[in-house]
1. Of the residues in segment 76-91, how many are under 19 Å from G140 (Cα atoms), in contact with a helix residue (DSSP H, G or I) (Cβ under 8 Å, 6 or more places away or on another chain) and surrounded by 15 or more Cβ atoms within 10 Å (Cβ to Cβ)?
2. Please go through (1) open to solvent by less than 60 Å² (accessible area, probe 1.4 Å); (2) out of contact with any Asp or Glu (no Cβ under 8 Å at 6 or more places or on another chain) for A181 and return the number of the only condition it doesn't satisfy.
3. Checking the structure you have, find out if any residue of segment 254-269 is more than 30 Å from E151 (Cβ to Cβ), open to solvent by 40 Å² or more (accessible area, probe 1.4 Å) and touching an Asp or Glu at 6+ places or on another chain (Cβ under 8 Å).
4. Exactly one of these conditions fails for H219: (1) under 20 Å from the mean Cα position of the chain (by Cα); (2) surrounded by fewer than 21 Cβ atoms within 10 Å (Cβ to Cβ); (3) in a helix (DSSP H, G or I). Give me its number.
5. Does A145 meet the test of being on the phi < 0 side of the Ramachandran plot, free of Cβ contacts under 8 Å to residues at least 40 places away in the same chain and touching a His at 6+ places or on another chain (Cβ under 7 Å)?
6. Go through (1) touching a helix residue (DSSP H, G or I) at 6+ places or on another chain (Cβ under 8 Å); (2) under 19 Å from H190 (Cα atoms) for L241 and report which single condition fails.
7. Kindly establish whether T94 is modelled with pLDDT of 90 or more, part of a helix (DSSP H, G or I) and open to solvent by less than 30 Å² (accessible area, probe 1.4 Å).
8. In segment 39-75, which residues are of a type outside the set (K, R), without any contact (Cβ under 8 Å) to a residue 40 or more places away in the chain, open to solvent by 60 Å² or more (accessible area, probe 1.4 Å) and assigned to a helix (DSSP H, G or I)?
Amino acid sequence: MTEIWELYKQGRWEVPFLTFSIYLFIAASLILYLIIVASRNGKIKRERLSKEYSFVIDKIMSAVIFEDVPFEEVKKDKNFLVLFDTSFFRKVLTESLINLHKNYEGVYAQKLEQFYKDSGLIKDSFKKLKSLKWEVKCKGITELAEFNINEAFDQIIVYSKARKKTLKIVAINAAIKLEGAESIKYLVEHPDPIDDWMQLNIIGAFKKHDIGDTEGVEHLLESQNMTVVTLGLKLIKELKLSQKVPHVAQLAAQTTNTIIKYEAQSILQTLTA
């Protein structure tokens, strides 16, 4: 420290400082370059492996869907077992299963769901729910909901009260897909404000999963959370639930909230027109 101070007092610190700065800049640039190269190589390798795995997975899925080959038969292939032990292969396999499940219905969809359970990929999804990263939790929730794993409902609904808005929306949408009307009672008791963006997502989930005449949707109008009441009114309007008119009329007559009263009266006019 004394030597540095002496250099400063004598005015001879500029050259060492500039030399050190140049070396530091070169070292930082080199490290950054190596990181970029490694990242790029890793991405290229993953893309190559993804293509190779997809070819193998397509053959397996074709046998499972169209030839009724169970997972017990699939895992007799030693090459498959070697690949299946790698996390990246299971990731690609899960993504392929999801894409197929979205495009198939009935018996074919059930075969994919059974393969998801028998293969143990369902365990990977449950593990993701315990991750500290919210985006990993979202992925696990989405996977479980896609394959209609109803036993995951209790764990998923917990995240409907998460701080992260995206996680909250994903959890509520998944709960609606899994249990439909059963998820309504959790919305009634929802303590946090449900903003317009979340309301749009929830309404979209009810429409997407074709909940239809949602038994119990009128209970949303009884919530102490005014944003939940607003959500209930919007659901009744968007789903055209004219049989809920008496409940909307009762709300319009009893509420002291001017905004809610106006929305209720507007919906009454729409549904009774």
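1. Here the count works out to 3.
2. (2)
3. Taking segment 254-269 first, the residues more than 30 Å from E151 (Cβ to Cβ) are 254-269.
Then drop every residue that is not open to solvent by 40 Å² or more (accessible area, probe 1.4 Å), which leaves 254, 256-259, 261-263, 265-266, 269.
Keeping just the survivors that are touching an Asp or Glu at 6+ places or on another chain (Cβ under 8 Å) gives none.
No, that holds for no residue.
4. Unmet for H219, out of (1) under 20 Å from the mean Cα position of the chain (by Cα); (2) surrounded by fewer than 21 Cβ atoms within 10 Å (Cβ to Cβ); (3) in a helix (DSSP H, G or I): (1).
5. On the way: on the phi < 0 side of the Ramachandran plot: yes; free of Cβ contacts under 8 Å to residues at least 40 places away in the same chain: yes; touching a His at 6+ places or on another chain (Cβ under 7 Å): no.
No; evaluated as a whole, the condition is false for this residue.
6. (2)
7. It is true that T94 is modelled with pLDDT of 90 or more, part of a helix (DSSP H, G or I) and open to solvent by less than 30 Å² (accessible area, probe 1.4 Å).
8. Residues satisfying the conditions are S39, N41, I44, E47, E52, F55, D58, F66, E73.
The values are calculated or read from the model by the stated rules, or taken from the named source; none is laboratory data. Here the structure is a predicted model, which is why all the values come from computation and not from measurement. Because the Cβ atoms are built from the backbone with ideal geometry, glycine has one as well, and the counts that use them run over all protein chains shown. The accessibility values were calculated without ligands, DNA or RNA, using every heavy atom of the protein model including side chains. Shrake-Rupley method; radii C 1.70, N 1.55, O 1.52, S 1.80 Å.
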